[in-house]
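**Q** What follows is a single structure, and I will ask about it in a moment.
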Amino acid sequence: MLRSLVGSEMCIRDRCTIEVMAQPGDPIQILNVSTELRQAIGMDIPISNPISKPIEFEVRIEGDGLLGERFITLGPHESSVYELIYSPLRPGTGDGGITFNNAEAGEFWYQINLSAVKPAPTVLDPVSCEIGKSVTFEFPLENPIDQQVQLTAFNTNPTNFQLIDDAHNMVLPPFGSRVITVRYTASAVGVPQPTSLTLKHPKVADWEFEVVGTGLAPTSMAPTLFFSPLGQSGTDPITFRNPFEHTIDVTVTLERADHTSNAFRLIGANSSGSKQLTLFEYQTVQIPVRFSPANLDDCRGIVKVTAEDGISWCFPVSGKVFVDTEVSQSLYYCCPARSSLEETMEIALPGLEVSDGKVPITFETHFNEEEENMLSRALTCLLYTSDAADEEDSVDLGGRRIIKKKKKKEYDNQ
């Protein structure tokens, strides 16, 4: 309190502090907005400049999932619309609002009632594959937030559907996307097999997907390729997995594809050429097959697995034959120096048939490096058959015997 004397009168002045409690006025309008999770919806909010000069409004937004610009500028007496985006990440309802403020034009606001609806599961296209086989399919995911998301997966039918992605690798980068890969393995024929796949993270709503798979009757399975040297045999297994949820009895047979199928033999087959097996649910078994080629022809056959209900799987087998270049025969020749020796060597070429007629025959002579200079001048090899001359470039197989004649020349060591 201040006191002062003015003339003959006393003047008293008091200084006070005043606190103003201002409550916001009623909203211009109450807006209701509703959308599904991770689906953005836009709202156009009318706004105008009531004065005769340009102004800038500061914009304050309240409410989960509401997005918009922080400022908007209007010209003198201009009217426009402000675009507000609602993109919720969690389900539920809530209150929100948007306020426009300018020191000269004043303040006004809109109340917004928010509703985020959990979407129905995404239904993926149905898949199908032959019983005993698998098929893969994909679907995309997008991360709606600015943080990395580590997903946790839940699968209601892991028997038929498997997420190929490693659980520790199911990561979405900020505002990024990725593809999820799933494998379907049928375990019944003609029976729909559904599953529900849910991907979770605490900061965003669940992704839910539904898909139905159906098994088809089997046709031809993946082929198995055999390799074996001519005149020898090799064994490889055919892998078969019981695709059913129950034990089955199967019969394994070796079917002819053409005249070359005789090169294959089913190991463990009975006198009738078949093999009986009992397999538990989802059990895998190796079926050994021996390949013994008698000539250089490519060979083909079919291993057939038949279940007791008549369903059968056909595994094509094919054999490739090659000639073993390893030394299969050793011959020794000797004679005194400065003399000569002539000998003949009979070589049987398995795999060549008399019916092949005349075929080109070539040969090469190889020496040890340290003996090449001497032997290349001392040794001459000529190719003969009973009715073929040296100058011919082909030979008549006749009795399927090739004679390779070796002649030891006179050689002076000095």
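The values are calculated or read from the model by the stated rules, or taken from the named source; none is laboratory data. In this text the structure is predicted, and so the values were computed from the model without any measurement. Please note: Cβ atoms are built from the backbone with ideal geometry, for glycine as well, and neighbour counts cover all protein chains shown. In case anyone asks, the SASA skips ligands and DNA or RNA and just uses the protein heavy atoms, side chains included. Shrake-Rupley method; radii C 1.70, N 1.55, O 1.52, S 1.80 Å.
**Q** Residues that are crowded, with 18+ Cβ neighbours inside 10 Å, among the small types (G, A, S), without any contact (Cβ under 8 Å) to a residue 60 or more places away in the chain and not in a strand (DSSP E or B): does the stretch 175-186 have at least one?
**A** yes
**Q** Then there is this: Kindly provide the set of residues from the stretch 243-271 that are part of a loop (DSSP other than H, G, I, E, B), over 14 Å from V285 (Cα atoms) and polar (S, T, N, Q), ordered by number.
**A** N270, S271
**Q** Is there a residue in the stretch 157-167 that is at pLDDT 90 or above, closer than 22 Å to K118 by Cα and either open to solvent by less than 40 Å² (accessible area, probe 1.4 Å) or not in a loop (DSSP other than H, G, I, E, B) (or both)?
**A** No.
**Q** Any idea which of (1) touching a Leu at 6+ places or on another chain (Cβ under 9 Å); (2) more than 30 Å from N143 (Cα to Cα); (3) small (G, A, S) is the one G25 doesn't satisfy?
**A** (1)
**Q** Counting just the residues of the stretch 228-242 that are within 25 Å of T284 (Cβ to Cβ) and among the hydrophobic types (A, V, I, L, M, F, W, C), which one comes out surrounded by the most Cβ atoms within 10 Å (Cβ to Cβ)?
**A** The qualifying residue surrounded by the most Cβ atoms within 10 Å (Cβ to Cβ) is F240.
**Q** Which one of the conditions (1) aromatic (F, W, Y); (2) open to solvent by 90 Å² or more (accessible area, probe 1.4 Å); (3) in contact with a helix residue (DSSP H, G or I) (Cβ under 8 Å, 6 or more places away or on another chain) does Y332 fail to meet, given that it meets all the rest?
**A** The single condition Y332 does not satisfy is (3).
**Q** While we're looking at this one, here's another question. If I go through the stretch 127-154 residue by residue, how many of them are in a strand (DSSP E or B), among the polar types (S, T, N, Q) and crowded, with 16+ Cβ neighbours inside 10 Å?
**A** The number of residues fulfilling the criteria is 0.
**Q** Still on this model: Please determine, by comparing only the residues of the stretch 193-215 that are open to solvent by 60 Å² or more (accessible area, probe 1.4 Å) and at pLDDT below 95, which one is nearest to S261 (Cα to Cα).
**A** K200
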